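Working notes for the structure below.
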Amino acid sequence: MRLYVTVAAGGFRRYATYRGATLAGVFTNTVFGMIIACTYIALWDERPHLGGYDQAQALTFVWVGQAMFAVMVLQMGGGFEADLMERIRSGDIAVDLYRPVDLQCWWLAQDLGRAAFQFLGRGVVPMTVGALVFQLALPADPLRWVAFLLTLLVGATVSFALRYLVALSAFWLMDGSGVVQMSGLVSTFLSGMLLPLNVFPGAFGEFARALPWSALVQVPADVLLGERGVAGALLFQGAWAVVLLGAGRLLQSAATRRVVVQGG
């Protein structure tokens, strides 16, 4: 366990060195948050209580999404995937597999360290700016904030598990950039980043909320807003984390058993 804590700390320090990129990301998330918030104000003026949210809750959802954008890697790339796929392509993955550490746990620890930095570096400032400019429905109960942080931790694990499956596609593909791009588009749409999944009607809405991507933004936002129970939210996220990590383990086993490593 001490090893993986060290790896997570290394991941935190690695991303902390990119100060220019962090400042640019804070600026971008804040600007996009302003644009989306103004759009939501117009939409909720026309359709009050859309999706079961009042306007303050909808604006809070906007800024939670901006805070989570880099944490959950909702853009196309930006996480560990590029590094892992390059190691698979070059054959360096063979060295990783011979090390006395678990490959999946190593990358998970590193990615959680990255997520922790992105939350502090690119999440807190846009959320604070949003709270200063707009009237948000932020809870006063500190326990609600603790529950929110727990859902972020489990949500980041689900995000890693999804992206680990994407990265493993490089065992069969010479270039997995197309898979990464498709994954980014799906994650952005089905996480609730563009619109809360609660506004999707009927069976499609229920289906979208049952998928693992909803654990990335929709579930943490609903916990913060008090629209979802903490126990049920963590159970939903935890179940998907176990399923997806297990799928990653099986795919990794199949890849290392049957696939010739590129370059090695």
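The values are calculated or read from the model by the stated rules, or taken from the named source; none is laboratory data. It should be emphasised that the depicted structure is a prediction, and the values quoted were computed from it without experimental measurement. All Cβ positions, glycine included, derive from the backbone under ideal geometry; neighbour counts span all protein chains shown. Ligands, DNA and RNA are excluded from the accessible area calculation, which covers all protein heavy atoms including side chains. Shrake-Rupley method; radii C 1.70, N 1.55, O 1.52, S 1.80 Å.
Summary table
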{"read-out": "Whole-number percent relative contact order across the chain, with pairs defined as alpha carbons under 8 Å at least 6 apart", "value": "28 percent"}
{"read-out": "Farthest positive-ward along the stretch 1-92 dipole, Cα basis, beta-carbon charges - from 48, 24, 62", "value": "24"}
{"read-out": "Relative packing of peptides 93-106, 59-72 - highest average C-beta neighbours within 10 Å first", "value": "59-72, 93-106"}
{"read-out": "Unit charges on C-beta of K, R, D, E only; dipole of the stretch 149-263, Debye", "value": "360 debye"}
{"read-out": "C-alpha long axis of helix 2-16 to longest principal axis of the chain, angle in °", "value": "60 degrees"}
{"read-out": "Formal net charge of residues neighbouring residue 19 (Cβ-Cβ distance under 14 Å; K, R +1; D, E -1)", "value": "+3"}
{"read-out": "Mean shadow area of the stretch 1-57, taken as a quarter of the surface of its Cα convex hull (nm²)", "value": "6.3 nm²"}
{"read-out": "Net charge over other residues, Cβ less than 9 angstrom from the Cβ of residue 198 (K, R count +1; D, E count -1)", "value": "-1"}
{"read-out": "Selection from 105, 121, 93, by position along the positive dipole direction of the stretch 78-129 (Cβ)", "value": "121"}
{"read-out": "Chymotrypsin sites (Phe, Trp or Tyr not before Pro) lying in DSSP loop within the stretch 162-194, provided at most 15 other Cβ fall within 10 Å", "value": "172"}
{"read-out": "From phi via Karplus (6.51, -1.76, 1.60), per-residue ³J(HN,Hα) for the stretch 158-166 in Hz, x at Gly/Pro", "value": "5, 4, 4, 4, 5, 6, 5, 4, 4"}
{"read-out": "Magnitude of the charge dipole, the stretch 7-81, Cβ model with Lys/Arg +1 and Asp/Glu -1, debye to 20", "value": "440 debye"}
{"read-out": "Average accessible area per residue (Å²) across the chain - probe 1.4 Å, nucleic acids and ligands excluded", "value": "47 Å²"}
{"read-out": "Residue with peak Gaussian network fluctuation, the chain [Cα springs, cutoff 10 Å], from 161, 116, 231", "value": "231"}
{"read-out": "Accessible area of the stretch 1-104 belonging to carbon and sulfur atoms, whole % at 1.4 Å probe", "value": "64 percent"}
{"read-out": "Cβ-based net charge around residue 90, under 13 Å, with every Lys or Arg adding one and every Asp or Glu removing one", "value": "-3"}
{"read-out": "Among [x] 131; [y] 153; [z] 139, the entry derived from the coordinates for volume of the Cα convex hull per residue in Å³", "value": "[x]"}
{"read-out": "3J(HN,Hα) from dihedral phi, the stretch 104-114, Karplus parametrisation 6.51/-1.76/1.60, rounded to Hz, x for glycine, proline", "value": "5, 5, 4, 5, 5, 4, 4, 6, 5, x, 4"}
{"read-out": "Extension gain, residue 257 back to residue 204 (0.36 nm per residue minus Cα-Cα distance, nm)", "value": "15.3 nm"}
{"read-out": "Only Lys, Arg (+1) and Asp, Glu (-1) charged, at Cβ; the chain dipole about Cα centre in debye", "value": "680 debye"}
{"read-out": "Inverse mean reciprocal Cα-Cα distance (Kirkwood Rh) of the stretch 159-264, Å", "value": "15.2 Å"}
